[in-house]
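Notes for the one structure printed next.
The values are calculated or read from the model by the stated rules, or taken from the named source; none is laboratory data. Because the structure is a prediction, the values reported are computed rather than measured. Note that we place each Cβ from the backbone using ideal geometry, even for glycine, and neighbour counts take in every protein chain shown. Calculation scope for accessible area: heavy atoms of the full protein, side chains included, ligands and nucleic acids excluded. Shrake-Rupley method; radii C 1.70, N 1.55, O 1.52, S 1.80 Å.
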Amino acid sequence: MKRAALALLIVAASGAAAAEPVTLRIADQKGNMHAEMAAAQQLNNLNYKIEWAEFPAAAPLAEALNAGAVDAGIIGDAPLLFSLAAGSQVKAVAVSKSIPEGLAVLVSPDSPIKTVAELKGKNIATGRGSIGHFEALKALEQAGVSDKEVKWRFLTPADARIALANGSVDAWSTWDPYTALAEVTHTGRVLVNGVGLSSGNSFLAATDAALQNEAKRAALQDYVNRLAAADRWANSHVDEYSTTLAKIIGFPKEAAAKSFSRRKSHWQSIDDATIAQQQETADFYQKYGLIQQHLDVKPTFYHGLKVAQN
């Protein structure tokens, strides 16, 4: 009798364990997916759990993805390439298309520098391999200035902001919401933005291990649809969303609103045009020696998740 009762307890316990909802470990950048989904009430009634981890920039987020410390995260096109070059087991599963106006090279408001060409011989702060680094390289190339003719200072956004303020660097190549904050607080002036220089692509990337797990893959499919729905809601409720965003990131509401509204972002499934844009970015980085060999980007895309558009 005791043995039978014990067997029933074991079966019951295993059944409870099986019913335990799956947990997605999601890596976010400051005030991005979490803020938008919370404001749009897209985190309600989930049949899985989310553990959020916030990162100040893409480089440490990419490291967490590469190490398998998180299941998925939002990452720019350049950091995704560096992940691929490092041999990481990570795939882009959806793409956010946006206008890259908030990607910019900033100088101090009273700087005598008026054109990108005048950055020759000057100090530029950015994150190595970041989308800011890409923006600076593209802007310099367009202005006919070699990347060897400037002095690079690879810093975190917080340190770069201080360096620009105290004059230890002449320019800072960064992205929103940092660009918007500099503009509304009059601590930075846009020298050039990313329109015409950057694809404006950001990706939701997931580890191969998460994609190979049926329960996590199903949760990720639901997550990307909720993310796309949250983006649509935020684009039609900019004022309301900006209030939530400002509280989460600790920036003035004016900066939050400026940062989001100019992006005009939307999420979509991976397509051939996106892959071609990513290949162009990879070839650009190889040209500048940031990636040592030719990369075929196709293997870093996963086509098994589809983003609903309504």
Which numbered condition V184 misses (of (1) closer than 25 Å to Q142 by Cα; (2) surrounded by fewer than 20 Cβ atoms within 10 Å (Cβ to Cβ); (3) in contact (Cβ under 8 Å) with a residue 24 or more places away in the chain): (1)
task: Go through (1) surrounded by 23 or more Cβ atoms within 10 Å (Cβ to Cβ); (2) of a type in the set (A, V, I, L, M); (3) closer than 27 Å to H294 by Cα one by one and return the number of the condition A59 breaks.
output: (1)
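For segment 27-38, check the following and say yes or no: at least one residue is modelled with pLDDT of 50 or more, open to solvent by 50 Å² or more (accessible area, probe 1.4 Å) and aliphatic (A, V, I, L, M).
Quick first cut of segment 27-38, residues modelled with pLDDT of 50 or more only: 27-38.
Then keep just the ones that are open to solvent by 50 Å² or more (accessible area, probe 1.4 Å); that gives 30, 34.
So of that shortlist, the ones also aliphatic (A, V, I, L, M) come out as none.
Checked segment 27-38: no residue is modelled with pLDDT of 50 or more, open to solvent by 50 Å² or more (accessible area, probe 1.4 Å) and aliphatic (A, V, I, L, M).
Within segment 85-105, count every residue that is in a strand (DSSP E or B) and either open to solvent by 10 Å² or more (accessible area, probe 1.4 Å) or free of Cβ contacts under 8 Å to residues at least 12 places away in the same chain (or both). Show your work before the answer.
Initially, segment 85-105 is screened for residues in a strand (DSSP E or B), giving 90-97, 104-105.
Subsequent filtering for residues that are either open to solvent by 10 Å² or more (accessible area, probe 1.4 Å) or free of Cβ contacts under 8 Å to residues at least 12 places away in the same chain (or both) retains 91, 97.
Qualifying residue count for the region: 2.
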field: F251 over 19 Å from the mean Cα position of the chain (by Cα) and either closer than 26 Å to E141 by Cβ or not aliphatic (A, V, I, L, M) (or both)
entry: no
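Just to be sure before I move on: is G132 without any contact (Cβ under 8 Å) to a residue 12 or more places away in the chain, under 30 Å from V307 (Cβ atoms) and not charged (D, E, K, R) in the structure I sent?
Numbers: without any contact (Cβ under 8 Å) to a residue 12 or more places away in the chain: no; under 30 Å from V307 (Cβ atoms): yes; not charged (D, E, K, R): yes.
No; evaluated as a whole, the condition is false for this residue.
Considering only residues that are over 26 Å from A308 (Cα atoms) and touching a residue at least 24 places away in the same chain (Cβ under 8 Å), which ones fall in segment 63-78?
Of all residues in segment 63-78, those over 26 Å from A308 (Cα atoms) come to 63-64, 66-69.
Across segment 63-78, the qualifying residues are A64, N66, G68, A69.
Among residues belonging to segment 39-50 that are open to solvent by 40 Å² or more (accessible area, probe 1.4 Å) and out of contact with any Ser or Thr (no Cβ under 6 Å at 6 or more places or on another chain), point out the one that is farthest from R232 (Cα to Cα).
Applying the first criterion (open to solvent by 40 Å² or more (accessible area, probe 1.4 Å)) to segment 39-50 yields 41-47, 49.
Those left that are additionally out of contact with any Ser or Thr (no Cβ under 6 Å at 6 or more places or on another chain): 41-47.
On the way: Q41: 12, Q42: 11, L43: 15, N44: 17, N45: 19, L46: 19, N47: 22 Å.
The extreme case among them is N47.
May I ask you to say which residue of N193, N213 is more than 16 Å from D77 (Cβ to Cβ), open to solvent by 40 Å² or more (accessible area, probe 1.4 Å) and in contact with a Pro (Cβ under 8 Å, 6 or more places away or on another chain)? Break it down stepwise before answering.
Working: N213 fails: in contact with a Pro (Cβ under 8 Å, 6 or more places away or on another chain).
Going through N193, N213 in turn, just one is more than 16 Å from D77 (Cβ to Cβ), open to solvent by 40 Å² or more (accessible area, probe 1.4 Å) and in contact with a Pro (Cβ under 8 Å, 6 or more places away or on another chain): N193.
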- line: Checked against (1) modelled with pLDDT under 85; (2) in a loop (DSSP other than H, G, I, E, B), S14 satisfies every condition except (2)
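Can you tell me which residue among F55, F82 is out of contact with any strand residue (DSSP E or B) (no Cβ under 9 Å at 6 or more places or on another chain) and in contact (Cβ under 8 Å) with a residue 24 or more places away in the chain?
Just a single option satisfies the conditions, and that option is F82.
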field: Conditions (1) open to solvent by less than 50 Å² (accessible area, probe 1.4 Å); (2) touching a residue at least 40 places away in the same chain (Cβ under 8 Å): number failed by P109
entry: (1)
Criterion (surrounded by fewer than 21 Cβ atoms within 10 Å (Cβ to Cβ) and of a type outside the set (V, I, T)) met by exactly one of S242, S259, S269: S269
message: I'm trying to understand the selection: among the residues of segment 216-239, which are in a helix (DSSP H, G or I), under 29 Å from A104 (Cα atoms) and open to solvent by 50 Å² or more (accessible area, probe 1.4 Å)?
response: R232, W233, N235, S236, D239
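Filter segment 245-256 for residues that are part of a loop (DSSP other than H, G, I, E, B) and not small (G, A, S); which is surrounded by the fewest Cβ atoms within 10 Å (Cβ to Cβ)? Spell out how you get there, then give the answer.
To start, the set of residues in segment 245-256 that are part of a loop (DSSP other than H, G, I, E, B) comprises 250-252.
Filter once more, keeping what is not small (G, A, S): 251-252.
Values: F251: 23, P252: 16.
Ranking the candidates gives P252 first.
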